[in-house]
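**Q** One structure, pasted below without further comment.
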Amino acid sequence: MGLNIGGSGSIKPYCKYNAKADKWFVRAPEGGDQEIARPTFLLDLKNIRTGWLRFREGQAPERLIDPSLDRAAPSPGEDFKRGFVVTAYSPKFFGGAVEFSSASIHLSNAIRELYAAYEEQSGKTENRGKVPVVSC
């Protein structure tokens, strides 16, 4: 029996933030990026992944995910930058769960600070099972 794997021709839903233009986008149902208002969303920081990312115009992102959050993968080559991949959720702004990834230094710094606060707060009894709400 063969493996049931391969390209399905569909693109995973995503959102993205353009820090230079200060604009948010979500993948439109008909394809392409659709600008949205500043969103409010949940972030699944418990399952955030870090790694090497390379974004090229008109192409799917390339990535090499770290084996763990405390162990970086070796650089795969030129033009790759350190970044993150995390699931974001907002029925209103994203239509549900989407992938949010970036290698932007400013956005990565903001996520690093948010993650540090999440680690500090997640151990408290009143916060168990909760995820951060992000308002932009």
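The values are calculated or read from the model by the stated rules, or taken from the named source; none is laboratory data. In this text the structure is predicted, and so the values were computed from the model without any measurement. Note that each Cβ is placed from the backbone with ideal geometry, even for glycine, and that neighbours are counted across all protein chains shown.
**Q** Which of the residues spanning the stretch 44-80 are farther than 22 Å from residue 11 by Cβ and among the basic types (Lys, Arg)?
**A** 46, 71
**Q** Residues 28, 73, 19, 60: which one is closer than 19 Å to residue 108 by Cβ, at pLDDT below 90 and not hydroxyl-bearing (Ser, Thr, Tyr)? So that I can check it myself, show each step before the final result.
**A** Working: 28 fails: closer than 19 Å to residue 108 by Cβ; 73 fails: at pLDDT below 90; 60 fails: closer than 19 Å to residue 108 by Cβ.
It is 19.
**Q** Turning to a different aspect of this structure: For residue 63, all conditions in the list (1) exposed (fewer than 12 other Cβ atoms within 10 Å of the Cβ); (2) basic (Lys, Arg); (3) assigned to a strand (DSSP E or B) hold save one; what is the number of the exception?
**A** All conditions are met except number (1).
**Q** Would you be able to say whether some residue in the stretch 84-95 is surrounded by 14 or more Cβ atoms within 10 Å (Cβ to Cβ), touching a Leu at 6+ places or on another chain (Cβ under 6 Å) and not in a strand (DSSP E or B)?
**A** Checked against the condition, which is being surrounded by 14 or more Cβ atoms within 10 Å (Cβ to Cβ), touching a Leu at 6+ places or on another chain (Cβ under 6 Å) and not in a strand (DSSP E or B), the stretch 84-95 yields no hits at all.
**Q** Pairs needed: first member in the stretch 43-69, under 13 Å from residue 103 (Cβ atoms) and without any contact (Cβ under 8 Å) to a residue 12 or more places away in the chain; second member anywhere, surrounded by 14 or more Cβ atoms within 10 Å (Cβ to Cβ) and of a type in the set (Gly, Ala, Ser); C-beta distance under 7 Å; at least 6 residues apart or different chains.
**A** Qualifying pairs under 7 Å: none.
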